[in-house]
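Participant: Sharing a structure with you now.
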Amino acid sequence: MHSNVRETLKATIIHIIVALFITGIVIWAIHLIAGKQIDGTISLISKVSIDTPYKEHEQEINLIPEKKRLDSYPEYGTQYATIQIPKIDADLPVYFGDTLEILKKGVGHSSGSYFPGEGGSIIYMGHNSAKVFRRFSELELGDEITVKTSYGEYTYKIYDMQLIQETQTDMLPIQDEKEILMVYTCYPFKNIGYTTQRYVVYAELEQ
Amino acid sequence: MKVLGTIIRYVLVMILTVALISIAFINIITSTILNKEYVLSKLDETDYYKGIYQEIQSNFENYVGQSGLDEDIMNDILTEEKVKTDVDLIISNIYDGTNKTIDTTEIRTNLNRKIENSIDNPRLLVIQRDAIDTFIDTICNEYTKTIIHTKYEQNINNIYVKVVKYIKIAKQALLITIIIVAILICLICYKNIFKGIASLGVGATSTGVFYIITNIFINTQIKINTITILNSTISNSLRNIIDDFMGKVEKCGFVLLAVGIVLIILGNLFNNRKREAKGN
């Protein structure tokens, strides 16, 4: 009886080893035939297996005063400031970037322009919807716009307002001699469909 | 002669393993991703319809922001039920080979009514009417685009029909192969059928081990839980389906491994008993 069990055990182990050997041969054959395709597929899937935590909160950045430069720039799409225009009761988040997704959340900062405190042109934009800049027409010369960031608060005074075509980029000049905030929205303020005109408010740094 | 018989037996076991691997794989995919009811149940389970509904609303907001219309203009122009009906229609197009199109009349009518109600002056200029029509067309196109999510819908529909056709043929061919191989193994071992049973066990064990290794390999190579395609709704449903698929692969592996080992043990046990009885 014992010898039968021993023999069975021995034969079973041999058969399992044979089974593992066959598995190995099959895997080797698959690798030989479709190895490149498998590697390509894994690489492709790995590219879409990304873990990107979405940053919704305001990012902390600092200004180096002597250089008039930020120590680090906010990540694209993150909020780094808030804009307040008391005259039209606007208190909106400012995001770095100007995609549709960003503009849906608040005010966008054109990525080619300067940041508040850097001493150059700052370009902000927002929709002409009721939640954002629908009441832009109520703004007058001398009204204040305040931008609050983690590294300071900047107040600008409106000195000009212009109605431009969307293609007139020269009306939004980038320069580093004077800190100017340019905020624009679509015009007419209450329209239907896409508009080609932009209403721009120009404000200079007060303090 | 005995050695030749053993070699032939193991060659047949190898063919049996490949056939078992293939047929098990076909069974898993036909019961999961190629099964319309399964996909629909997974979409329901992962709140796909709700997610797509929210995505559509969110996309609409992009257009409202630019249009200058009030934000609430998009409220109540479509329901989650309508989204579910249209998603199911697209799934049916893929799985049943139909070619039905999404009906946007309801959205069109609702949106038009809401825009007209929001305008103070009911006498619209031609230019305003055109702007409204363009806006409604854009919204309806955006809706259809978000529901379909691919411009290759037609191609996918054709692919599915072809794949199912070939899979049916392949499944039948594999089934016949398995039966023939099993009969051949039994014929080679006609003097001692228990040897044949153990050999079939080897085939099942190999297949089981293959699936377990495949599952481990895929799970170590690919971070399934972070796969991101198009948006969170689609990614979530896709991850859930892949997870379930891999779970089935693992389960299949362990079942075949268990069946294989039982067959090997039983085959060897009775084979030894027979040999012992012969010796006595």
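The values are calculated or read from the model by the stated rules, or taken from the named source; none is laboratory data. These numbers come from a predicted model, not from an experiment. For neighbour counting, all protein chains shown are included, and Cβ atoms are generated from backbone atoms with ideal geometry for every residue, glycine included. SASA here: full protein model, heavy atoms, side chains in, ligands and nucleic acids out. Shrake-Rupley method; radii C 1.70, N 1.55, O 1.52, S 1.80 Å.
Participant: Which three extents, in whole angstrom, do the alpha-carbon atoms of region A:1-50 cover along their principal axes, largest first?
Facilitator: 59, 26, 5
Participant: Mind checking the angle between helix A:2-48 and chain A's longest principal axis? C-alpha axes, 0 to 90 degrees, to the nearest 10.
Facilitator: 30 degrees
Participant: For the protein assembly as shown, treating each Cα as an identical point scatterer without solvent, what Debye log10 I(q)/I(0) comes out at q = 0.06, 0.11, 0.12 1/Å?
Facilitator: Per q value, in the given order, log10 I(q)/I(0) is -0.49, -1.00, -1.10.
Participant: What does the buried accessible surface come to for A and B, summed over both chains, with the probe at 1.4 Å? Round to 100 Å². Write down the numbers at each step before the final one.
Facilitator: Details: alone 13070 and 16830 Å², together 26200 Å².
Protein heavy atoms only, the A-B interface buries about 3700 Å².
Participant: For chain A, how big is the tail of P(r) above 31 Å, as a whole percent of Cα pairs?
Facilitator: Taking all Cα-Cα pairs of chain A, the fraction more than 31 Å apart is 42 percent.
Participant: So for region B:2-116, taking the charge dipole from beta-carbon charges (+1 Lys/Arg, -1 Asp/Glu), which of B:Gln57, B:Thr17, B:Thr30 sits furthest toward the positive end?
Facilitator: Farthest along the dipole direction, towards plus: B:Thr17.
Participant: Report, as an integer, the average count of C-beta atoms from other chains found within 10 Å of each Cβ along B:196-206.
Facilitator: The mean count of partner-chain Cβ atoms within 10 Å per residue comes to 4.
Participant: With N set to the residue count of region B:49-149, report its C-alpha Rg divided by 2.2 N^0.38 Å to two decimal places. Show your work: numbers first, answer last.
Facilitator: On the way: Rg = 14.7 Å, N = 101, 2.2 N^0.38 = 12.7 Å.
Dividing the Cα radius of gyration by 2.2 N^0.38 Å gives 1.15.
Participant: Long-range amide H contacts for A:Thr78: which residues qualify at under 5 Å (H placed 1.01 Å from N, peptide plane, sequence gap of 5 or more or a different chain)?
Facilitator: The answer is A:Phe96.
Participant: Under the rule of at least 5 residues apart or a separate chain, name every residue whose amide H is placed under 5 Å from the amide H of A:Leu70.
Facilitator: A:Ile64
Participant: Now a separate question. In whole angstrom, how far apart do the alpha carbon centroids of region B:212-280 and region B:165-186 sit?
Facilitator: Cα centroid to Cα centroid, the span is 21 Å.
Participant: Would you calculate the volume per residue, in Å³, of the smallest convex hull containing every Cα atom of chain B?
Facilitator: 140 Å³
Participant: Partner chain Cβ atoms within 10 Å, averaged over the residues of B:258-267 - can you pull that number for me?
Facilitator: Details: counts 0, 0, 3, 4, 0, 1, 9, 6, 2, 4.
Whole-number average of other-chain Cβ neighbours for B:258-267 is 3.
Participant: Could you pull the accessible area for B:Thr228 with a 1.4 Å probe, rounded to 10 Å²?
Facilitator: Counting only protein heavy atoms, the figure is 60 Å².
Participant: Explain nothing, just compute: Karplus ³J(HN,Hα) = 6.51 cos²θ - 1.76 cosθ + 1.60, θ = phi - 60°, for every residue of region B:186-199 in order, whole Hz, x for Gly and Pro.
Facilitator: Coupling constants for region B:186-199: 5, 5, 4, 9, 4, 6, 9, 4, 5, 4, x, 4, 4, 5 Hz.
Participant: A:Ala90's amide H: which non-local residues (gap 5+, or another chain) put their own amide H closer than 5 Å, with H modeled 1.01 Å from N in plane and none for Pro or chain starts?
Facilitator: Counting only residues 5 or more places away or on other chains, the set is A:Ile85.
Participant: Pairing the Cα long axis of helix B:105-118 with the longest principal axis of chain B, what angle in degrees results, from 0 to 90 and rounded to the nearest 10?
Facilitator: The angle comes out at about 30 degrees.
Participant: Sticking with this structure for a sec: Using a 1.4 Å probe over the heavy atoms of the protein chains, calculate the carbon and sulfur portion of the accessible area of the protein assembly as shown as a whole percent.
Facilitator: Solvent-exposed carbon and sulfur of the protein assembly as shown make up 60 percent of the total.
Participant: Please list, in order along region B:31-44, the HN-Hα scalar couplings obtained from phi with the Karplus expression 6.51 cos²θ - 1.76 cosθ + 1.60 (θ = phi - 60°), rounded to whole Hz, x for Gly and Pro.
Facilitator: 8, 10, 5, 9, 10, 4, 4, 5, 4, 4, 5, 5, 5, 5
Participant: Next question, about the same structure. Given the DSSP H assignment, sum -39500 (n - 2.57) over each helix run of at least 4 residues in chain B and divide by its residue total; what's the result at 222 nm in deg cm²/dmol, nearest 500?
Facilitator: Numbers: 9 runs with 227 residues, N = 280.
Computed ellipticity for chain B at 222 nm equals -29000 deg cm²/dmol.
Participant: Helix-only mean residue ellipticity at 222 nm, chain A, DSSP H runs n ≥ 4 weighted -39,500 (n - 2.57), per residue, nearest 500. What is it?
Facilitator: Mean residue ellipticity at 222 nm (helix-derived): -9000 deg cm²/dmol.
Participant: Would you work out the charge dipole size for the protein assembly as shown about its Cα centre, treating the Cβ of every Lys and Arg as +1 and the Cβ of every Asp and Glu as -1, and quote it to the nearest 20 debye?
Facilitator: Values: 48 positive and 55 negative charges, 998 e Å.
Computed about the Cα centre, the dipole is about 4800 debye.
Participant: Further, regarding this structure: In what sequence, highest mean first, do A:125-137, B:178-190, A:90-102 appear when ranked by Cβ atoms within 10 angstrom?
Facilitator: Answer by packing, highest mean first, reads A:125-137, A:90-102, B:178-190.
Participant: How much accessible area per residue does the protein assembly as shown have, in Å², with a 1.4 Å probe?
Facilitator: Dividing the accessible area of the protein assembly as shown by its residue count gives 54 Å².
Participant: So what are region B:206-251's ellipsoid semi-axes, whole angstrom, largest first, if each one is the square root of 5 times an eigenvalue of the alpha-carbon gyration tensor?
Facilitator: Details: eigenvalues 114, 22, 6 Å².
Each semi-axis is the square root of five times an eigenvalue, giving 24, 11, 5 Å.
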